[in-house]
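Here is the structure we will look at, set down as structure tokens.
Bear in mind that the values in this text are calculations on the coordinates, not laboratory data. Computed from a predicted structure; not experimentally measured. FYI the Cβ positions are ideal-geometry reconstructions off the backbone, even for glycines, and counts take in every protein chain you see.
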Amino acid sequence: MQIPHDTRRALDVVVALVNTAAEVDHPDALADIGALRAFVKEYAISDVGELGARDLAGVRAVRGKFAQVFAAPNSRAAATLINELVATAGTTPQLTDHDGYDWHVHYFAPGASVGDHLAADGGMALAFIVVSGEQERLRRCEAPDCRRAFVDSSRNRSRRYCDSRTCGNRLHVAAYRARRKEAGAEASEQEQIVHGGEQQQGADHS
Ligand SMILES: [Zn+2]
Ligand SMILES: [Zn+2]
């Protein structure tokens with residue numbers, strides 16, 4: 001799936017934002033304004049001005065909406081959610097080449113709050129995925145102790161786990177098991193898995 005660079009970047013922000021929500025293995029990572037400031041800085045969210053309590057509440061609300069899009073059972077449900085999101089944010093497409101970036105489109109309206117900014121640009125990036133017929137790629141990690149959101153960019157939409165360190169490892173182990181099974185190997189599986197789990201992807205020792 002070809003995703004334009006800007007869209008990819010906006011999607012990264014969406015995924016990062018969704019993953020700040022409390023999950024079984026970590027508390028809410030967007031609990032105060034300091035955390036919001038750090039997020040805005042890390043993802044270089046431009047033109048958001050001085051941040052206050054209202055911004056924090058706004059961004060947390062948008063985070064909830066994005067999470068709903070990831071949970072949408074089909075593209076129609078996702079489309080409805082995205083339409084609401086971008087309508088509320090008041091999108092205004094603008095071509096810009098600020099700060100040394102090449103021409104790209106900002107969807108957030110001039111002077112938008114950080115919440116509306118994220119809703120507009122993140123919402124349009126999610127819209128691109130739905131328009132491309134790829135809503136299924138908006139996934140959550142299937143590891144029961146993880147559940148992180150991610151965008152599956154694998155060719156055959158087969159990715160089940162996120163790329164965090166633990167889950168990436170899990171992924172390699174699963175792939176390794178599948179290869180062994182296919183090969184009909186009788187080697188001591190437990191021991192091999194331990195080693196297989198430590199291997200980087202691409203390592204081929206069959
Ligand atoms: Zn920009
Ligand atoms: Zn995971």
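Here the label points at A67 and A109, each 7 Å from Cα along the C-beta direction, are separated by 2.7 nm in the simple model.
Which of the GluC sites (Glu not before Pro) found in segment 1-73 are in a DSSP loop and have at most 10 neighbouring Cβ atoms, other than their own, within 10 Å?
Details: sites: E23, E42, E50; in loops: E50.
Answer in residue order: E50.
Relative to the current alpha-carbon distance between D145 and A53, full extension at 0.36 nm per residue lengthens the span by 30.0 nm.
Can you list which of the DSSP-assigned H helices in the chain have a Cα extent of 18 Å or more along the long axis and an average Kyte-Doolittle score of at least 0.5? Mind showing how you got there, number by number?
Numbers: long enough: 5-18 (20 Å, 0.58); 53-71 (27 Å, 0.31); 75-89 (21 Å, 0.77); 114-131 (25 Å, 1.40); 165-183 (27 Å, -1.12).
Sorted by number, the helices that extend far enough and score high enough are 5-18, 75-89, 114-131.
For the chain, a simple Cβ point-charge model (Lys and Arg +1, Asp and Glu -1, everything else neutral) yields a dipole of about 620 debye relative to the Cα centre. For segment 97-181, run through the chymotrypsin sites (Phe, Trp or Tyr not before Pro) and keep only the ones in DSSP coil with at most 11 other Cβ atoms within 10 Å of their Cβ. Sparse-neighbourhood loop chymotrypsin sites (Phe, Trp or Tyr not before Pro): W103.
For F108, the amide hydrogen comes within under 5 Å of the amide hydrogens of T92, D121, counting only partners 5 or more places away or on other chains and with H modelled in the peptide plane.
The stretch between A178 and R76, if pulled fully straight at 0.36 nm per residue, gains 33.2 nm over its current Cα-Cα span.
Determine, for D55, D152, the number of other Cβ atoms within 10 Å of each Cβ, and report the residues in order from fewest to most.
Working: D55 21, D152 18.
By the 10 Å Cβ count, ascending, the order reads D152, D55.
Amide hydrogen proximity for A143: with H placed 1.01 Å from N in the peptide plane, the residues at 5 or more positions away or on another chain lying under 5 Å are C162.
When the chain is fully extended, how far beyond the present Cα-Cα distance does D97 get from R155, taking 0.36 nm per residue of separation? Walk me through the intermediate numbers first.
Numbers: separation 58, 0.36 × 58 = 20.88 nm, distance 3.17 nm.
Result for the pair: 17.7 nm of gain on full extension.
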